[in-house]
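The values are calculated or read from the model by the stated rules, or taken from the named source; none is laboratory data. Just so we're clear, the structure is a prediction, and the values are computed from it rather than from any experiment. Positions of Cβ are generated from backbone atoms using ideal geometry, with glycine treated the same way; all protein chains shown enter the neighbour counts. Accessible surface areas use protein heavy atoms only, side chains included; no ligands, DNA or RNA. Shrake-Rupley method; radii C 1.70, N 1.55, O 1.52, S 1.80 Å.
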Amino acid sequence: MSKNRDLKVEKVAQIVERLKNAESVTIVSYTGLTVEQDTNLRRQCRENEVDYCVLKNRLFKLAVEQLGITGLDDLLNGPNAFVFSKKDPVSGPKAVAQFIEKNKLEALKITGGIFENKAADEKTMVKLSKMPGKDELMATLVGCLMSPVSSLVAVLGEIAEKKEAA
């Protein structure tokens with residue numbers, strides 16, 4: 001095989017590995033995005049612990065085919081970026097959606113992605129972006145679990161005060 005072909009095979013293998021380790025992948029069309037906006041988006045993705053990268057559509061398509069994921073052909077045209085969510089499925093779509101909303105961008109658009117090892121359309125990925133993340137759910141759970149305990153402590157404190165006063 002030629003050196004160029006070997007490099008492409010290696011790159012596809014790397015993409016396959018990233019896909020295996022991702023909770024979800026958001027496909028983003030970034031036509032018209034300025035370099036500064038792209039840099040800021042990359043920074044926000046890093047802060048949210050998601051990987052933002054630009055890959056060749058053809059190589060990404062070969063990687064998803066190796067994993068048996070179909071239905072992305074229509075999305076893999078034109079300039080696309082790929083956001084790999086590592087810690088939970090909503091972190092990538094959420095980071096991109098928040099960036100779009102904060103900067104009021106029309107040049108950046110979620111076009112679809114991969115969720116639960118299946119192709120996902122734009123609607124699915126946008127819905128994911130609006131769901132609470134793993135950290136938010138854990139905080140809510142802790143709050144729910146602590147609320148009865150806090151109430152009990154407050155009631156017991158009042159009872160103790162009344163007994164002391166009597």
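Do we have any residue at all in the range 1-22 that's of a type outside the set (A, V, I, L, M, F, W, C), buried (at least 16 other Cβ atoms within 10 Å of the Cβ) and closer than 18 Å to ILE110 by Cβ? No - not one qualifying residue is present in the range 1-22.
Within the range 36-56, if we keep just the residues that are buried (at least 18 other Cβ atoms within 10 Å of the Cβ) and not β-branched (Val, Ile, Thr), the residue that is nearest to SER91 (Cα to Cα) turns out to be ASN48.
Picking from residues in the range 1-22 that are without any contact (Cβ under 8 Å) to a residue 24 or more places away in the chain, part of a helix (DSSP H, G or I) and over 22 Å from the mean Cα position of the chain (by Cα), the one that is farthest from ILE100 (Cα to Cα) is LYS3.
In the range 23-59, the residue that is farthest from LEU108 (Cα to Cα) out of those that are in contact (Cβ under 8 Å) with a residue 60 or more places away in the chain and in contact with a Pro (Cβ under 8 Å, 6 or more places away or on another chain) is GLU23.
Each residue in the range 78-89 was checked for being modelled with pLDDT of 90 or more and not hydroxyl-bearing (Ser, Thr, Tyr), and 7 of them qualify.
Is it the case that the range 87-98 has a residue that's part of a loop (DSSP other than H, G, I, E, B) and more than 12 Å from the chain's Cα centre (by Cα)?
Looking only at the range 87-98, we keep the residues that are part of a loop (DSSP other than H, G, I, E, B), and these are 87-90.
Subsequent filtering for residues that are more than 12 Å from the chain's Cα centre (by Cα) retains none.
No: the range 87-98 contains no residue that is part of a loop (DSSP other than H, G, I, E, B) and more than 12 Å from the chain's Cα centre (by Cα).
For GLY68, the conditions (1) part of a loop (DSSP other than H, G, I, E, B); (2) in contact with a strand residue (DSSP E or B) (Cβ under 9 Å, 6 or more places away or on another chain); (3) open to solvent by 30 Å² or more (accessible area, probe 1.4 Å) all hold with the exception of (2).
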